[in-house]
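Q: Quick one: the structure is below, questions incoming.
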Amino acid sequence: MAPFLDERIIMKKWIVAAVAAFSASLGLAQDWPAAKPIRLIAVFPPGGSVDQVARILADALRVQLNQSVVVENIGGASGVIGTQAVVRAAPDGYTFGVVFDTHGVNPGLKPSMPFDTLRDLEHINLIGTAPMVLAASKGSPITSFAQLVDAARAKQKNSYGSIGSGSLGHLAMASLAKSAGFEWTHVPYRGGGPLMTDAVGGHVPLAVGSIFLVKPHVDTGNVKPLVVTTSKRSRQMPDVPTIAESGFPGFDAPAWWGVIGPAKIPPAIVSRFNDALGKALRTPEVAQKLSTQGIDIISGGPEVFKPFVEKQMATWTRFIKDNNITE
């Protein structure tokens with residue numbers, strides 16, 4: 001009888017522990033977000049699209065949650081350092097992060113990542129997608145994509161900047177250069193702000209970045225848009241041709257943004273925060289700000305965002321491996 005009693009005692013202790021953990025989690029979720037301000041980590045430096053998206057969301061979330069939302073920029077390693085800060089944060093619903101398309105590329109590009117992208121994070125909301133723009137600096141002799149292609153086919157070397165090694169801008173241009181035999185040199189930056197500062201200053205002749213990042217500098221005449229990377233023209237820049245219609249059919253590489261959190265956040269908090277994000281993204285002010293900058297809002301919850309990231313990881317890991325791309 002003793003072994004049977006031991007099993008019953010063990011089972012009872014397990015049930016008590018499970019109930020206690022559930023009760024603690026439920027209590028945390030019920031109190032959230034009253035306890036303290038929410039930290040929203042932008043995983044790239046100030047001035048880039050991730051920073052701007054984070055600040056637009058923070059303003060709207062303050063209203064939705066009736067709580068302070070503080071944006072903190074932690075850039076470096078194409079978003080890895082900021083994302084690691086999210087991974088290490090307590091899963092209490094007071095730390096989240098805004099990531100860019102590098103999030104789905106880094107696992108294939110960086111073999112020594114300090115975390116597992118799928119296991120160590122909650123993928124809470126896919127904010128939206130946008131075209132990327134390849135632009136020339138104001139003083140560059142290049143005025144059209146056709147002219148750039150002609151120069152490349154004549155074996156003239158050129159260089160382009162992106163927000164970092166492994167960004168979709170980098171990989172999009174690398175895939176185009178490889179398929180067409182162009183001799184282009186990649187110049188990685190530590191985010192969109194530094195990239196566009198050098199593009200406007202003429203220190204890098206070409207820059208590729210999201211329309212969110214590039215369009216303000218096009219509007220001021222400081223850079224010249226040559227082409228967009230999506231299969232369809234942008235509603236915000238309808239006169240700029242696509243790469244697909246410029247001699248490279250089928251080419252399609254949109255930028256994207258999403259919100260993450262550390263693993264093991266109580267599901268109730270994930271649900272409430274995703275609901276607040278959805279409401280924020282549907283407000284006319286936020287929708288207008290993001291749309292004006294070229295972002296097509298998706299606002300897909302965990303059931304949309306996690307499979308999306310899995311597909312991105314599979315696609316770009318294969319591309320990186322097949323083409324021997326390194327940082």
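Q: Please report the projected area of the chain's Cα convex hull averaged over all directions, in nm².
A: Taking a quarter of the hull surface, the average projection is 18.9 nm².
Q: Need the list of lysines near Lys279 for cross-linking: C-alpha distance under 22 angstrom, and skip anything on the same chain fewer than eight residues off.
A: Those lysines meeting the cut-off are Lys36, Lys289, Lys306.
Q: For a quick size check, give me the Cα extents of region 53-209 along its three principal axes, largest first, whole Å.
A: Cα spread of region 53-209 along its principal axes, largest to smallest: 57, 34, 23 Å.
Q: By average Cβ neighbour count within 10 Å, what is the ranking of 149-161, 100-112 from highest down?
A: Highest to lowest by the protection proxy: 100-112, 149-161.
Q: Shifting gears a bit: Total Lys pairs in region 132-246 closer than 19 Å by alpha-carbon, pairs eight or more apart in sequence or interchain only?
A: 7
Q: Against the longest principal axis of the chain, how steep is helix 168-180, in degrees 0 to 90 to the nearest 10, with axes from Cα atoms?
A: For 168-180 against the chain, the angle is about 50 degrees.
Q: Give me the orientation-averaged projected area of the Cα convex hull of region 132-246, in nm², one decimal.
A: Result: a mean projected hull area of 6.2 nm².
FYI, it's all coordinate maths here, none of it is from the lab. Note that the structure is a prediction, hence the values are computed from the model and not measured. Positions of Cβ are backbone-derived with ideal geometry, glycine not excepted, and every protein chain shown enters the neighbour counts.
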